[in-house]
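Here the structure comes first, spelled out in structure tokens, and everything after it is commentary.
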Amino acid sequence: MKEYRVAIVGMGAVGREMVKILEKSAVPVSDLKLLVRRNDGDTISFRGKDYVVKRVTPGCFKDLDLVLMAAGGDAATELAPIAQKEGAVVIDNSSAFRMEPNVPLVIPEVNPEAAGEHKGLIANPNCSTTQMLVPLKPLHDLFKIKRIVVSTYQAVSGTGKKALDELKKQAEDYLASKVVEPQIYPHQIAFNILPHIDSFLENGYTKEEMKMVNETQKIFGDEDIQVSPTAARVPVFNCHSESINIETEKPLPEVAEIKKILAQAPGIVVVDDVQNNEYPLALNCTGTDKVYVGRIRKDFTVTNGLNFWVVADNLRKGAALNAVQIAELLVAKNWL
């Protein structure tokens, strides 16, 4: 079996999660580089061998087959084209290239064929888009979705380690009757909900919300799908939750049949027994790879409407796992 020379760029929460997931993946790795723009020197174990995290230097992408980019947008904008030019296929987790027309935006359970059209660069969707579209895909295929209204409840891990530390400190300070001082977010996040992720645009939506609009239309290849999101930050350490309402063109079957459709689709676990208080919870989903769906019910206010609740680990399926799944797809299809 052919083996591949791989690099992961960025050793923040997502990058380190990529190392863990890649280690257990089906990607045969002959050599691994762990790269950062600063704060090098850490040692990370991978498949029984220790690797030292090194700084990005000129020519460091030469002789590589695959680069998983877990760095921020500025770093990705600078480094992804260099890696691509030096001969590697790049899977980028940032938002830098998602809406470029010649860059596939891929969720393996949703549009795997798009990965085969790459020209050396593939984009990973936004975490909130990914976990929404995994359960929407089978429904869209069968009933054609025409409108989506989604509210997200996003964990602070999506912002990074400093946000995790801030939530913990704010909670401790608040319970100790100390002054709570926000640093990462514009307001206190502990015991609070902020209807505000990323900057506001002229249309009143935020960049985070418009990512869900634009990425959904691109991934589904349908600019007629209407998407109206509200993205909120909640005082949860990890796992994003979403309340999703859809309206379809074709009549929907009974809820029991919809549960079967979703349960049989790839990457989905249905947790829906409300009589016993069973539904997806962030506490239960952290560290897992599936998208969990529950509270499935008809929307009685429209002819073909459906409501449901979705939870997924934003660091894994929302970021690191999806990127590695794309890598596995490239290997399996010989698209590298």
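The values are calculated or read from the model by the stated rules, or taken from the named source; none is laboratory data. On a predicted model such as this, the values are computed, not experimentally measured, just so you know. Methodologically, a virtual Cβ is constructed for each residue, glycine included, from the backbone with ideal geometry; neighbour enumeration extends over all protein chains shown.
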* Asked: Which one is nearest to Leu329 (Cα to Cα) among residues in the range 105-149 that are assigned to a strand (DSSP E or B) and not small (Gly, Ala, Ser)?
  -> Ile122
* Structure fact -> Conditions (1) more than 17 Å from the chain's Cα centre (by Cα); (2) closer than 19 Å to Pro253 by Cβ -> Val293 fails only (1)
* Structure fact -> Considering the range 116-131, residues that are in contact with a helix residue (DSSP H, G or I) (Cβ under 7 Å, 6 or more places away or on another chain) and hydrophobic (A, V, I, L, M, F, W, C), and then whichever is nearest to Val291 (Cα to Cα), we arrive at Cys127
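For the condition at negative phi, surrounded by fewer than 19 Cβ atoms within 10 Å (Cβ to Cβ), out of contact with any Gly (no Cβ under 9 Å at 6 or more places or on another chain) and not small (Gly, Ala, Ser), what is the one hit in Gln154, Gln183?
Gln183
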* To do: Please give the number of the condition Ile148 fails out of (1) surrounded by 15 or more Cβ atoms within 10 Å (Cβ to Cβ); (2) farther than 20 Å from Val310 by Cα.
  => (2)
* Pull up the range 300-323, narrow it to residues that are among the β-branched types (Val, Ile, Thr) and in contact with a strand residue (DSSP E or B) (Cβ under 7 Å, 6 or more places away or on another chain), then point me to the one that is surrounded by the most Cβ atoms within 10 Å (Cβ to Cβ). => Val311
* To do: Please find, among Asp74, Asp31, Asp50, Asp40, the residue that is of a type outside the set (Val, Ile, Thr), surrounded by fewer than 21 Cβ atoms within 10 Å (Cβ to Cβ), modelled with pLDDT under 95 and touching a strand residue (DSSP E or B) at 6+ places or on another chain (Cβ under 7 Å).
  => Asp40
* Would you say Asn102 is farther than 30 Å from Lys259 by Cβ, touching a Lys or Arg at 6+ places or on another chain (Cβ under 7 Å) and among the polar types (S, T, N, Q)? -> yes
* Asked: Taking the stated definitions as given, is Arg37 touching a helix residue (DSSP H, G or I) at 6+ places or on another chain (Cβ under 8 Å), under 15 Å from Ser94 (Cβ atoms) and of a type in the set (D, E, K, R)?
  -> yes
* Tell me, yes or no, whether the range 197-212 has at least one residue that is over 24 Å from Gly73 (Cβ atoms), in contact (Cβ under 8 Å) with a residue 40 or more places away in the chain and of a type in the set (A, V, I, L, M). => no
* To do: Being in contact with a Lys or Arg (Cβ under 8 Å, 6 or more places away or on another chain) and either over 30 Å from Met210 (Cα atoms) or not hydrophobic (A, V, I, L, M, F, W, C) (or both) is the filter here, so list the residues in the range 173-186 that pass it.
  => Gln183, Tyr185
* Structure fact -> How many residues of the range 284-296 are assigned to a strand (DSSP E or B) and either surrounded by fewer than 15 Cβ atoms within 10 Å (Cβ to Cβ) or in contact with a Cys (Cβ under 6 Å, 6 or more places away or on another chain) (or both)? The answer is 1
* Structure fact -> How many residues of the range 186-199 are surrounded by fewer than 18 Cβ atoms within 10 Å (Cβ to Cβ) and touching an Asp or Glu at 6+ places or on another chain (Cβ under 7 Å)? The answer is 1
* Among (1) under 19 Å from Thr230 (Cα atoms); (2) within 15 Å of the chain's Cα centre (by Cα); (3) surrounded by fewer than 22 Cβ atoms within 10 Å (Cβ to Cβ) - the single one Gly160 does not satisfy -> (1)
* To do: Working only within the range 10-45, note down all residues that are within 23 Å of the chain's Cα centre (by Cα), in a strand (DSSP E or B) and closer than 16 Å to Ile326 by Cα.
  => none
* To do: Could you list all residues from the range 238-257 that are under 25 Å from Gln325 (Cβ atoms) and either touching a strand residue (DSSP E or B) at 6+ places or on another chain (Cβ under 7 Å) or without any contact (Cβ under 8 Å) to a residue 40 or more places away in the chain (or both)?
  => Cys239, His240, Ser241, Glu242, Ile244, Ile246
* Asked: When only residues in the range 200-240 that are out of contact with any helix residue (DSSP H, G or I) (no Cβ under 9 Å at 6 or more places or on another chain) and outside any helix (DSSP H, G or I) count, which is surrounded by the most Cβ atoms within 10 Å (Cβ to Cβ)?
  -> Thr206
